[in-house]
Structures are given as C-alpha cells and as structure tokens.
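Notes follow the structure.
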Amino acid sequence: MEQLIEILKQPWPWYVAGPLIGLTVPLLLLLGNKSFGISSSLRHICAACVPARIPFFTYNWRKETWNLVFVAGILIGGFIAATFFANPEAVTVAASTQEDLKALGITNFTQLLPEEIFTWDNLFTRKGLVFFVLGGLLIGFSTRYAGGCTSGHSIMGLSNLQWPSLIATIAFMAGGFTMTHLLLPYLMAWVQ
Amino acid sequence: MAINKEQLQIKEPVKTAQPFVCDAPNEQKYGDSPQGLLKYLIVGIVFGIVFTKAEIISWFRIQEMFRLQSFFMYGVIGSAILVGMLSVQLIKRFNIKTIQGEKVVLHNKEFKKGQIIGGFIFGLGWAITGACPGPIFAQIGSGFSVVIVTLLSAIAGTWLYGKFSHKLPN
C-alpha cells in the first residue's frame, strides 16, 4: 500500500494521463448519455446566477446539473491530489523553457504555477489584470464563441471525427503560439 | 401547404434566435436523481486527480507545449484523442447502450466562423493563464486559490459573449 502511494506521488507520465482522459468520453456517454465538455459549465453558471433575460442564458440549466457536479469533482480531485499524493520534488520544467522564461522574468520553477504571478498579492497589480482578469475573460468569451474548449472540441469533437472541431483545435494552437511567441514578451515587460 | 412549410423552415432560425444547443449536452431521457449525479462527481474527482498528478494544470507544461520544448502535452492530448476516438467508434459500431439502456446520442458540430475567431482568442487566453477551463478548477482545488479570480473572469467573459453574441460574425 505504501509502495502504491509512493508511485502515485510521482508525476504521472503522459501515456497514463492521456488514455485516462480519453476514457472520460465513453464513460460519460455510457453512464448517462452525456457528451464530454467542460467550458459549458461556465454557461450553466451564468444561466443559473445571472441570466438577465439574455436568450443565450434562458434555458433549462437544471437539466445540465451533471456538468456542474462534474467540474466540482475536478476541483475536489485537484485538492485530493495536492493534499494526499503531492509530489515532494519540485516540478520538472524543460531546460530550454526555463531559459526562455528566465529571459521574461520568471525564475521560480518549484511550483506547478509560477509563484511570481499566481499569488493574491498580485491581484490588484498589472500582473493580476493580465494573468487573472484578461486571461479569464478571453477564455470565458472565446470558449462559447468557438462552441467548446480543449475538452469539447479537441477531445470530444475529434473523437467523434468532427471536422469543425479540427479547425477549432488548429485555431486554439495558432492562438497559443501567437500569445507565447509574439505577445507574451510585451505583456511580461509591461507587468514587471 | 408546401409553401407554408418552406416559410416555416426559413423563419424558424430567426424566430428562435438562440435555439439551445449545448456543447456538452445531456441526452439522457430521464432526469438524474441526486444519487445519479454522484457518479459524475466521482468521474470529476478522478479526472481532477489525473489533471493534477500529470501536471497538466501546470502553467509551465503549457509553455513547454507552445514553445515546442516538450512532447508531454502532445502525448497527453494525442493519446486522449486516440482512446476517445476508438471508444466512440466501438460504441457506434456495436451500438453499445448506456447503463440505462438508452441509445448513445452523438452530435455533429456545425462549422461556424466562431470556431476560427473564438478558437484563436481561446489560444491567446490558454497561453496566458496556462489553463483551459478544466485545469482552472483543478488549479483552484490544488491550492492556487487566486485562480478563483480567473474563474470569475471566465464566467464574466461567458456572460459578455451571451450578451453580445448576436453582434458577432458567425
């Protein structure tokens, strides 16, 4: 048992994590005819809390309660993993990525998220504005505009051989490359 | 009569400006009981543990991916798609039923400009936050409580989309 927990504490390799994530697709379908998708939960929260008579938010969100329960589970899962199976070692980041990020002013590579950015102290600073507020707004707005995120399009959509999901996935990657290579250097300079 | 039908077909999308097409729909015929919902909590918990333990929720993993400096995320997403694809094809081919005995309903995605424009904007946000919506929840759970602000912003972003969606090219 102790050995098992030791193994569980190590970071899990991609060939364990990827297939497990992929299995979520048939699991949700067979457990109750649910299509895998996470960003929909944001819409259901809007529909439940602030529908404001907007047609986009006036639907029977209660039918989609499972989606909210599912994301609550993800949050609890994050807590369990970090509390009981936490990796005692620092996170491993590719040496070349460390070099690139150091040039942008990120030097602490011990946590899963850079400590220079993701703390409450930064909330009312430029860092908070860019990394929490702007980042969140972009994600929330765009996932509905695109009709799904990495789970709904890249995993569920591609699993079902939907070509619009392939287009969306290519657009996700294009946006990510653009931000990382063209815009992030300017944003990092602005928030320092 | 035939003309009437045609008129109806043309008018319909205009009349119901926002037909409800959820992207992660629930197609189960019977409502879920609270006990029935418990299974989604469990699937979510396992999912959250996988996300966190494989460090998919790490901002650094996403940076490695977009800098092409690690195979890890490509391995995760690629193998997830492969397993998902194989499972869906098996469900279709052998007409595997849900545990309630219902036929599995899969939806075709319709192409819209939003998949390109929205998709690109999503990529921008993904590289800033280091998280797509799933990992946001796992990041909060794993102790980065400030990501609650990201989540609230994402909810606000979704609301803004709902408010202004009719003005966007699609």
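The values are calculated or read from the model by the stated rules, or taken from the named source; none is laboratory data. As the structure is a prediction and not an experimental result, all values here were calculated from the model. Using ideal geometry, Cβ is built from the backbone for each residue, glycine included, and neighbour counts are taken over all protein chains shown. Quick note on the areas: whole protein, heavy atoms, side chains included, nothing else; ligands and nucleic acids left out. Shrake-Rupley method; radii C 1.70, N 1.55, O 1.52, S 1.80 Å.
Brief remarks on what is shown
- Basic side chains Lys and Arg get +1 at the Cβ, acidic Asp and Glu get -1 at the Cβ, and with that the dipole of the range A:1-89 about its Cα centre reaches some 600 debye.
- Charge dipole of the range A:69-192 about the Cα centre (unit charges at C-beta), most positive-ward option of A:THR125, A:LEU182, A:ILE170: A:ILE170
- For the protein assembly as shown, with all protein chains in place and a probe radius of 1.4 Å, 67% of the accessible heavy-atom surface sits on carbon or sulfur.
- If you take the alpha carbon atoms of chain B and fit the smallest convex hull around them, that volume is 190 Å³ per residue.
- Whichever lysines have a C-alpha closer than 30 Å to that of A:LYS102, once near sequence neighbours (fewer than 8 apart) are set aside: A:LYS9, A:LYS127, B:LYS53
- Among the listed pairs A:LYS63/B:LYS29; A:LYS63/B:LYS112; A:LYS63/B:LYS103; B:LYS112/B:LYS167; B:LYS112/B:LYS163, those whose Cα-Cα separation exceeds 21 Å are A:LYS63/B:LYS112.
- Mean separation of Cα contacts under 8 Å (6+ apart) over length of the range A:105-192, as relative contact order %: 28 percent
- Taking all protein chains together, B:VAL46, A:VAL133 sort by accessible area into B:VAL46, A:VAL133, largest first [probe 1.4 Å].
- Over chain A, the reciprocal of the mean inverse Cα-Cα separation, the Kirkwood hydrodynamic radius, stands at 19.5 Å.
- Candidates B:ALA154, B:ALA24, B:ALA80, ranked by Gaussian network fluctuation over chain B, Cα under 10 Å, top entry: B:ALA24
- Exposure check, 1.4 Å probe, all protein chains in place: A:TRP66 carries approximately 0 Å² of accessible surface.
- Note on exposure: B:GLU55, B:GLU27 ranked by accessible area (1.4 Å probe, complete protein assembly) read B:GLU27, B:GLU55, with the most exposed listed first.
- Between B:LYS167 and A:ASP121, the distance separating the two model label sites (each 7 Å from Cα on the Cα→Cβ line) works out to 4.0 nm.
- Rolling a 1.4 Å probe over the protein chains gives A:THR83 an accessible area of about 70 Å².
- Separation of the range A:38-54 from the range B:59-121 is 23 Å, based on Cα centroids.
- Semi-axes of the equivalent ellipsoid for the protein assembly as shown, Cα gyration tensor, largest first, Å: 33, 25, 19
- In this Cβ point-charge picture (+1 for Lys and Arg, -1 for Asp and Glu), the protein assembly as shown has a dipole of about 1340 debye about its Cα centre.
- Sites A:TRP163 and B:ILE96 - FRET efficiency at Förster radius 30 Å, r taken between beta-carbons, to 0.05: 0.80
- A straight chain from A:GLU6 to A:THR58 at 0.36 nm per residue would run longer than the Cα-Cα distance by 13.9 nm.
- With the convex hull drawn over the C-alpha atoms of the range A:105-192, the volume per residue is 110 Å³.
- For the range A:1-89: span of alpha carbons on each principal axis (Å, largest first): 54, 26, 20
- Rolling a 1.4 Å probe over the protein heavy atoms leaves B:ASP23 with an accessible area of roughly 40 Å².
- Accessible heavy-atom area order of B:TRP59, A:TRP163, highest first, probe of 1.4 Å: A:TRP163, B:TRP59
- Here the relative contact order of the range A:85-138, from alpha carbon pairs under 8 Å that lie six or more residues apart, stands at 24 percent.
- 17 Å cut-off, amide nitrogen to a point 7 angstrom out along A:THR83 Cα→Cβ, residues in the range B:139-166: B:139-146
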